[in-house]
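Q: This is the structure, below, for whatever I ask next.
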Amino acid sequence: MPALVYFKSLCNEFAMPLHLHDTFTRQLKEVRPHDGQSLRFYCCGPTVYAPAHIGNLRTFVLQDVFRRTVEANGISVKHIRNLTDVDDKTIRAANEQKLPLEDFTRPWITRFQEDCQSLNMLPPSEEPAATAHIPEQMKLIETLLAKGHAYATDDGSVYFKVSSFPSYGKLSRLDERELQSTVPEGPQDADEYEKADRSDFALWKGRKPEDGEVFWETPWGRGRPGWHLECSAMSMAALGSTLDVHGGGVDLVFPHHENEIAQSEACTGQLFVHHWFHCAHLMVEGEKMSKSLGNMYTLDDLTKDGLSPLIVRFVLLSGHYRQQLNFTFNALHAANEALRKFSQTLLRIIPRAEIDLATFRHWCRAPGDQNELFNESPLQNAWNLLCRDLNTSGAWGQLMKQRGRWEKEKDPGILQRDLQALAHLLYALGLEQLPFAPEEEKSEPEAPAEIQTLAEKRWQAKANRDFATADELRDSLKNKGWLVKDSRDGYTLRPATKS
Ligand code: AMP
Ligand code: ZN
């Protein structure tokens, strides 16, 4: 077979439905709606007691790209993402502030939704809150008690009996011995002292004095749900007993998702999830970004000096979802540069393709049929990379490679076809706000390559705290007619004559 034909047949083979790694089988699996209609997709949402950090937001952005890519494949998605608005942390903070629980959580829910909107995430089909689904959670407990998978204790708590569910540990591949050593010796917290086995987990927590007014009446006593139960109750209420895809950060594999499987399958006797989708962590200097380690950045921290949230979204997508991503301000700065250059190319080629910006933006919002768009297109590789385990950075790399060719291309028809394919990809990546508005681009002419290299060296020197070199380079740039202005996230260059 001639090489080109072979390559094309490979591409056609890869012009495929989306394939995604499944944590359960540790293999790539085709993503498909098992009812033949829409994909039932459930994501564990935020705990609403503080602002989300960009690590949390990375997981939600990746889930958004997944959903968009499924949709761009022509499959509708029923996307459910819950709100954890009752747990130890929310109760403690609400009581400290002497606020009813819902008055305390409401502003954090709003803040989270605003962050998601700023990062251009599509709103989920439903965003159920745990406190709005107490009857569903009680019903699950009743069934588990009746089937002998759960037991109540004198303090009004109810525990899931792990020994009653032989396949417990199958997602995280923990055997009995590992399970016992993974769960710490002794009570993990005061309200778990009565459980019969170390690995049993709370479905319901009996009321403690420090819970204040946060409790519900049940047949087994006053109390509140354990954290794991809410996701089984809300996912099954919205999507039925079996979900197509269930997502979360990798820290949720054990125990949260393991417990979700146990309580759901013990209850219904049916498979709970076809496909498990876990995202690796965002790191800072080798450690997981987390509220408790105090190494977190919020979206506000990064955008308050005027940086577009789209740049943050882009950084969060700049590594494969199954690999940890290290967050740095240099990466933020590099992303800003990359998107600015890409925007400039787009603003140059859109008129040459004989369309206007509004038309391009419309294409981005209403992606076309991928079979037609990518057939024999130079952008097919980018699309295939995205469809093969959501390789966001690989897909972007393919797009950047097109810039040189586009700058030289004279044929409006070719440019138009490429822009249509590009619009499809930008929709899937959630970068359909590109190109940045032309007014912004016009206000600062692009510095020549030599100037950009000097400015880049200066930025590096500053990052290395070599301030003497950084100052020398600033002077040298000034002598060449360019001023450099720093912000927390990077710098901008403008001609000295403007000042
Ligand atoms: P939480 O608000 O703590 O319940 O977490 C919300 C989501 O963020 C969950 O899916 C977590 O697994 C995820 N998550 C927590 N920390 C990180 C991190 N550093 N990087 C990526 N995802 C994270
Ligand atoms: Zn969950």
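The values are calculated or read from the model by the stated rules, or taken from the named source; none is laboratory data. These numbers were taken from a predicted model, which means no experiment stands behind them. Here Cβ is always computed from backbone atoms with ideal geometry, including for glycine, and neighbour counts include all displayed protein chains.
Q: Looking only at the range 451-459, decide whether some residue is at pLDDT 80 or above and part of a loop (DSSP other than H, G, I, E, B).
A: Looking through the range 451-459, none of the residues is at pLDDT 80 or above and part of a loop (DSSP other than H, G, I, E, B).
Q: Determine, yes or no, whether LEU271 is closer than 22 Å to LEU39 by Cα, within 13 Å of ligand 1 (Cβ to nearest atom) and assigned by TED's automatic domain parsing to the domain that holds LEU119.
A: It is false that LEU271 is closer than 22 Å to LEU39 by Cα, within 13 Å of ligand 1 (Cβ to nearest atom) and assigned by TED's automatic domain parsing to the domain that holds LEU119.
Q: May I pose another question? For the range 69-83, give me the residue count where each residue is assigned to a helix (DSSP H, G or I) and surrounded by 22 or more Cβ atoms within 10 Å (Cβ to Cβ).
A: Qualifying residue count, the range 69-83: 3.
Q: Let me ask something else about it. Do the conditions hold for HIS246, that is, is it assigned by TED's automatic domain parsing to the domain that holds CYS44, at pLDDT 95 or above, within 24 Å of SER76 (Cα to Cα) and within 15 Å of the chain's Cα centre (by Cα)?
A: So HIS246 fits the description; yes.
Q: Output the residues belonging to the range 239-256 that are in a helix (DSSP H, G or I) and either under 17 Å from ARG67 (Cα atoms) or of a type in the set (Ser, Thr, Tyr) (or both).
A: LEU239
Q: Here are some conditions: (1) surrounded by fewer than 14 Cβ atoms within 10 Å (Cβ to Cβ); (2) over 28 Å from the mean Cα position of the chain (by Cα); (3) of a type outside the set (Ser, Thr, Tyr). ALA455 meets all but one. Which one does it not meet?
A: For ALA455, the exception is condition (1).
Q: Going through the range 338-373 one residue at a time, which ones are acidic (Asp, Glu) and either in contact with a helix residue (DSSP H, G or I) (Cβ under 8 Å, 6 or more places away or on another chain) or modelled with pLDDT of 95 or more (or both)?
A: GLU354, ASP356, listed by residue number.
Q: Name the single residue, out of those in the range 284-336 being surrounded by fewer than 17 Cβ atoms within 10 Å (Cβ to Cβ) and in a strand (DSSP E or B), that is modelled with the highest pLDDT.
A: Selected residue: ASN326.
Q: Identify, please: which residue in the range 16-59 is assigned to a helix (DSSP H, G or I) and within 16 Å of ligand 2 (Cβ to nearest atom) and is, among those, nearest to LEU122 (Cα to Cα)?
A: Across the range 16-59, the extreme among qualifying residues is THR59.
For (1) within 16 Å of ligand 2 (Cβ to nearest atom); (2) touching a Phe, Trp or Tyr at 6+ places or on another chain (Cβ under 7 Å); (3) within 20 Å of ARG403 (Cα to Cα); (4) among the aliphatic types (A, V, I, L, M), each residue gets a yes or a no:
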residue	(1), (2), (3), (4)
ALA280	no, yes, no, yes
MET289	no, yes, no, yes
THR298	no, no, no, no
LYS304	no, no, no, no
THR345	no, yes, yes, no
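Q: Return the residues of the range 103-122 that are touching a helix residue (DSSP H, G or I) at 6+ places or on another chain (Cβ under 7 Å) and closer than 14 Å to LEU83 by Cβ; say none if nothing qualifies.
A: Within the range 103-122, PHE104, THR105, ASP115, CYS116 qualify.
Q: Scan the range 107-131 for residues that are loosely packed, with under 15 Cβ neighbours inside 10 Å and over 30 Å from CYS364 (Cα atoms) and jot them down.
A: Hit for the range 107-131 is PRO107, nothing else.
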